[in-house]
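Step one of this worksheet: look at the structure below.
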Amino acid sequence: MEQSRSQQLFEQAQRVIPGGVNSPVRSFRAVEGTPPFIARGAGARVWDVDGNEYIDYLGSWGPLALGHAHPAVVEAVQRAASDGTSFGAPVEQEVELAEMICAALPSVDLVRLVNSGTEACMTALRLARAYTGRDKIVKFAGNYHGHADGLLVAAGSGALTHGVPTSAGVPEAYAAETLIATFNDIGSVEGLFDAWPDDIAAVIVEPVAGNMGVVPPADGFLEGLRNVTEANGALLIFDEVITGFRVGYGGAQTLYGVTPDITTMGKIIGGGLPVGAYGGREEVMQQVAPLGPMYQAGTLSGNPLAVAAGVATLTELQKPGVYEQLEATAVRLTDGVSAAFARAEVPSTINRVASMFTGFFNAGPVSALAEVEQSDTAAYGRYMHALLDRGVYIAPSQFEAGFVSIAHTDADIDRTVEVVGEALASLG
């Protein structure tokens, strides 16, 4: 049988790139098979190098709330590129983007742009340690905050997918400064503060877990984190790399009415280009060089292409009705998929917050990592391929979120629900 172009490229890639991919989950090892190599995207669809067309629910892992190649974003990037791609110097639009972020997020008085969510989270922890003079960090099992040393401990996302929740190459002494709590269990956090009352610099959390699949915060959980950190002189860090400007213009902190001390951002604030940011209260951010002793720098931080795309994206997201449309589209999709699973008598749980969602092969409920891990990952892999074969593209991992965009139409959703039914029937 003749190889597809994607198969040829994957074999070629494995000779020069570890595992043939530049991010592990793309390898399809968790679901087997060959990843399609994507050639282009437009609106709610992508096309691979073999010409196959897919309705896309990855959206580049979340940032493309406007869909692929939105005209306003494309125009902004083209205009910026015509004036130069990088200066390593201040540009006007980075000020505009920073002002938009500060105006949108209740927790952010000052913001520093960086190049990725990983860099933002790594630096936020350094900032918390600088501000408090303490060393230990609390994170939650199954929450993923990038691949920085000290955060790849009981991690979610690709680390969870590949069964390597703690990375090789992380010194034990460094990992020992990371304490692990249970998501949605405030008692587990209180226990850590009881054990180390004067040593914990910060608690970092995805306010809506998105890297062990979507798991919403339990009632009172985020408020409990706010209370316990304040009572113990520690900082609360919200990792809004996925949720920022996705679950609402003001992020999860506005959706749930809980204000952290530091917020990390990424993905969407660059409209799909490489970007990240961390921001917080003025007194905390005054620790950042050149104002204070906490050093962080980057030649590409505030890159003119990324900030141009970010300003264009946030401008579009501010338009009336955008988030209502995203919500309605996501409800239509998850209601339809839930009904299809019920008709097929396949145990499932769909968790959704705003326009992000995960369908678990699990009778549920799914509210913590232990329940996430009870999902039937083999069944998910067969299901994912059955959808892919029928033109619907979802995450190649049970432990990731899906996303809709304003480019998804009712017809797209209805076709997707139809395909889900066909896929489930094909599994027997």
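Some notes on this structure:
- Sparse-neighbourhood loop sites, trypsin sites (Lys or Arg not before Pro) in the range 12-104 - DSSP loop, at most 16 other Cβ within 10 angstrom: 15
- What a 1.4 Å probe finds exposed on the range 1-102 is 49% carbon and sulfur by accessible area, rounded to a whole percent.
- Qualifying aspartates and glutamates (Cα of each under 14 Å from Cα of residue 267; at least 8 residues distant if same chain): 119, 239, 240
- Residues of type aspartates and glutamates that residue 136 reaches as a straight line, Cα spacing below 15 Å, ignoring anything fewer than 8 places off in the same chain: 149, 172, 177, 190, 194, 198, 199
- For the chain, the longest principal axis of the C-alpha atoms and the axis of helix 92-104 are separated by about 90°.
- Helix axis angle, 5-14 relative to the chain longest principal axis, alpha carbon, degrees: 40 degrees
- Only Lys, Arg (+1) and Asp, Glu (-1) charged, at Cβ; the chain dipole about Cα centre in debye: 640 debye
- The chain: angle of helix 322-344 to the longest principal axis, Cα-based, in degrees nearest 10: 50 degrees
- Comparing 232, 143, 22 in a Gaussian network model of the chain where C-alpha atoms under 10 Å apart are linked, the largest mean-square fluctuation is found at 22.
- Peptide packing for 324-334, 260-270, 301-311 was compared via the average number of neighbouring C-beta atoms within 10 Å per residue; ordered from the highest value, the list is 260-270, 301-311, 324-334.
The values are calculated or read from the model by the stated rules, or taken from the named source; none is laboratory data. As the structure is a prediction and not an experimental result, all values here were calculated from the model. When we count neighbours, we look across all protein chains shown, and the Cβ atoms used for this are built from the backbone with ideal geometry, even at glycine. To get the accessible areas, we keep the full protein, side chains included, count just its heavy atoms, and leave off ligands, DNA and RNA. Shrake-Rupley method; radii C 1.70, N 1.55, O 1.52, S 1.80 Å.
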